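Trainee: If you scroll down you'll find the structure; I have some questions about it.
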Amino acid sequence: MITLVLVLAGGAAGAVLRLLIDTAAAARFGRRLPWGVLTANVLGALLLGLLHDTVPAWLVALAGTGFCGGLTTWSTLAADTVRLPRAHGVLNLALNLVLGLSAAALGWWLAS
C-alpha cells in the first residue's frame, strides 16, 4: 500500500512540473517545437539514470515510477511529432531520442 501512495505522490508532482515546464517553454519559445516536452523528457531520463540500481526500492517507486512517470511523456511526444510539419517532427523525435538517451547515460555514469 505504501508503494502505491509513493507512486501516486511522485506522479502528481511530476505531472505538475511537466505542466509548468511546458507552459514556461511555450511562453518563452513559442510552439514551433514542443520544447517543454523535450525538456521534461530529458530531465526525466537524467533522473532515471541517476537512480540506477543503487537506491532503495521506495525511492525508485517515488522518484522513478511516480515522479519520472508523471514528468515524462511518450504519448505527448508521439502526438506532437505527428502534428508538426514533417521536418520539425523528425527534428523533435531525433532531439528527444538523442538527448534523452544521452541524459540517461550521463545519469547512470554519474551514479556509478
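Trainee: Look through segment 1-15, keep the residues that are in a helix (DSSP H, G or I) and without any contact (Cβ under 8 Å) to a residue 12 or more places away in the chain, and return whichever of them is surrounded by the fewest Cβ atoms within 10 Å (Cβ to Cβ). If you could, list the steps in order and put the result at the bottom.
Mentor: Pass one, segment 1-15, residues in a helix (DSSP H, G or I): 2-15.
Retained after the next criterion (residues that are without any contact (Cβ under 8 Å) to a residue 12 or more places away in the chain): 4-5.
Working: Leu4: 10, Val5: 12.
The extreme case among them is Leu4.
Trainee: What do you reckon, is Asp22 acidic (Asp, Glu) and outside any helix (DSSP H, G or I)?
Mentor: On the way: acidic (Asp, Glu): yes; outside any helix (DSSP H, G or I): no.
For Asp22, the condition - acidic (Asp, Glu) and outside any helix (DSSP H, G or I) - is not met.
Trainee: So Gly44 clears everything in (1) part of a helix (DSSP H, G or I); (2) at pLDDT below 95 except one condition, right? Which one?
Mentor: Unmet for Gly44, out of (1) part of a helix (DSSP H, G or I); (2) at pLDDT below 95: (2).
Trainee: Hey, can you tell me all the residues within segment 59-85 that are part of a helix (DSSP H, G or I), touching a helix residue (DSSP H, G or I) at 6+ places or on another chain (Cβ under 7 Å) and not aliphatic (A, V, I, L, M)?
Mentor: Gly64, Thr65, Gly66, Phe67, Cys68, Gly69, Gly70, Thr76, Asp80, Thr81
Trainee: Would you mention how many residues in segment 30-53 are free of Cβ contacts under 8 Å to residues at least 24 places away in the same chain, under 26 Å from Ala105 (Cβ atoms) and not small (Gly, Ala, Ser)? Even if it seems obvious, please write down each step before you answer.
Mentor: Our first condition is that a residue be free of Cβ contacts under 8 Å to residues at least 24 places away in the same chain; within segment 30-53, this holds for 30-31, 35-36, 39, 53.
Filter once more, so that each one left must be under 26 Å from Ala105 (Cβ atoms): 35-36, 39, 53.
Now restrict to residues that are not small (Gly, Ala, Ser): 35, 39, 53.
Residues that pass the stated criteria total 3.
The values are calculated or read from the model by the stated rules, or taken from the named source; none is laboratory data. Every value quoted in this text rests on a predicted model; they were computed, and no experiment measured them. Heads up, the Cβs are rebuilt from the backbone with ideal geometry, glycines too, and the neighbour counts pull from every protein chain shown.
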